[in-house]
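The structure under discussion appears below in the form of structure tokens.
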Amino acid sequence: MAWLETASETFVARHDERDEAEAERVLAQLEYARPRLERLLETGAGELAVVIHPSSAQLDAAAPGLVLQRALTDPAGRRYLVGWAAPTELHVLSPRLLAERASNVEGSLELLMLTPSALLAKRLLGVGRRDTRRRFGRAAWRHEGAAQFFSGQTRHVRPAVVARLHEGATPSFPPGRRDAPLLGGTVFDLLAREEGERACVALARGGELERAFHGRPMRQSEQAWRSHLARLGAGRRGRDAGPER
């Protein structure tokens, strides 16, 4: 395979020759997101390359941890695990493949297409240095949810949440490891509604969950979160679960 490079103002993308136009789309999204995320999170990402993979097999070979993460994730969320943030690189599927993975419900395509911004948010929050604890530990919901929220993915996650609520056991609060990639963002979404964006930044940086919700008992915050999920789940259900493609 012939790899090409496409540069933007602050990123360089490596990609298959078939994906030159797709690389420009990814870079445009990242250049738009970077100043807002760096300002909001008060940190910089430094030099970053973007590797746009032309197949799922190549992405998995470059980011073996992603294979493990999918195996540890509830089926409703697996189709959205299509990228990996490393210390100096962001690895993501080509947008043409992201489009193929989208289900037929509203929001699925948009959620997938925002993956580059979510990966950038993860890198700004320090993911890539202590990957095991952050990606697979008890607080996985925190870094997955923060990336989902700050990238704008939470605006499109409802159909996937609906699918999750109709299948499997009742999710825990905060979301456990299997639900972290899909439901983590709903915690931040609720927090933003109640306490504002700055509270989300503090929580993303390691703040205590109870303190984030203005010190109210965790039991009450859990009730509020479950009501929030119920509101999301009240919409019409679409076909979002099923075998990963």
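Of the helices (runs of 4 or more DSSP H) lying entirely inside the stretch 101-164, the ones with 1 or more residues being out of contact with any helix residue (DSSP H, G or I) (no Cβ under 8 Å at 6 or more places or on another chain), open to solvent by less than 30 Å² (accessible area, probe 1.4 Å) and modelled with pLDDT of 85 or more are found at 115-124. Summed over the stretch 175-197, residues that are more than 19 Å from the chain's Cα centre (by Cα) and not in a loop (DSSP other than H, G, I, E, B) total 3. State whether one or more residues within the stretch 75-87 are part of a loop (DSSP other than H, G, I, E, B), over 13 Å from the mean Cα position of the chain (by Cα) and either within 18 Å of Ala121 (Cβ to Cβ) or among the small types (Gly, Ala, Ser) (or both). Looking through the stretch 75-87, at least one residue is part of a loop (DSSP other than H, G, I, E, B), over 13 Å from the mean Cα position of the chain (by Cα) and either within 18 Å of Ala121 (Cβ to Cβ) or among the small types (Gly, Ala, Ser) (or both).
Screening the stretch 9-56 for residues that are under 18 Å from the mean Cα position of the chain (by Cα) and of a type in the set (Ser, Thr, Tyr) and picking the one that is most open to solvent (accessible area, probe 1.4 Å) gives Tyr32.
With respect to Glu210, determine if the residue is open to solvent by 40 Å² or more (accessible area, probe 1.4 Å), part of a helix (DSSP H, G or I) and in contact with a helix residue (DSSP H, G or I) (Cβ under 6 Å, 6 or more places away or on another chain). The answer is yes for Glu210.
Within the group Ala202, Ala169, which residue is surrounded by fewer than 17 Cβ atoms within 10 Å (Cβ to Cβ), without any contact (Cβ under 8 Å) to a residue 24 or more places away in the chain and part of a helix (DSSP H, G or I)? The unique qualifying residue is Ala202.
The values are calculated or read from the model by the stated rules, or taken from the named source; none is laboratory data. Note that the structure is a prediction, hence the values are computed from the model and not measured. No Cβ is skipped: glycine too gets one built from the backbone with ideal geometry, and neighbour counts run over all protein chains shown. Side chains are part of the model used for accessible areas, which takes the heavy atoms of the whole protein and leaves out ligands, DNA and RNA. Shrake-Rupley method; radii C 1.70, N 1.55, O 1.52, S 1.80 Å.
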